[in-house]
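Contents: one structure, followed by commentary.
The values are calculated or read from the model by the stated rules, or taken from the named source; none is laboratory data. This structure is a prediction, so every number in the text was calculated from the model and none was measured. Reconstructed Cβ throughout: ideal geometry from the backbone, glycine too, with neighbour counts over all protein chains shown.
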């Protein structure tokens, strides 16, 4: 089992917020997990899932970033479109599973949650999916 993490997409922005942050490097983590029976990708933003799934290198991506959408309604109209439709829960993206956690905290830029509870998630991994991994 290989578990690999990539830097946040925000590191690609010119703002001071993430200046000096680690930019995502999928080729490096693909190489690091080569030959493993299963490969899990940790990526802060779920919108990286389409690119990750297209490589065929990952079985599971675990993400956060969305805080579950912060508020019911806001999750569908603002957060989902900004994250390729991925807000919270499990999704199938190509041959890969994406899990997006609502997280336990709030974002300093928007410190409200209404109708979207915090979560601490437990993922149970089992072998034997359809591709033999």
When residues of the range 96-118 are limited to those that are surrounded by 14 or more Cβ atoms within 10 Å (Cβ to Cβ), modelled with pLDDT of 70 or more and more than 14 Å from residue 44 (Cα to Cα), the one nearest to the chain's Cα centre (by Cα): 97
In contact with a strand residue (DSSP E or B) (Cβ under 9 Å, 6 or more places away or on another chain) and either under 16 Å from residue 91 (Cβ atoms) or modelled with pLDDT of 85 or more (or both): is that true of residue 31 in this structure? no
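Tell me the residue from 4, 36 that is surrounded by 15 or more Cβ atoms within 10 Å (Cβ to Cβ), in contact with a strand residue (DSSP E or B) (Cβ under 8 Å, 6 or more places away or on another chain), in a loop (DSSP other than H, G, I, E, B) and at pLDDT 70 or above, please.
Numbers: 4 fails: in a loop (DSSP other than H, G, I, E, B).
One residue alone meets the criteria, 36.
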Of all residues in the range 50-89 being in a loop (DSSP other than H, G, I, E, B) and closer than 26 Å to residue 37 by Cα, which is modelled with the lowest pLDDT? 64
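Does at least one position in the range 9-16 carry a residue that is modelled with pLDDT under 75, under 17 Å from residue 122 (Cα atoms), assigned to a loop (DSSP other than H, G, I, E, B) and more than 13 Å from the chain's Cα centre (by Cα)?
No: zero hits.
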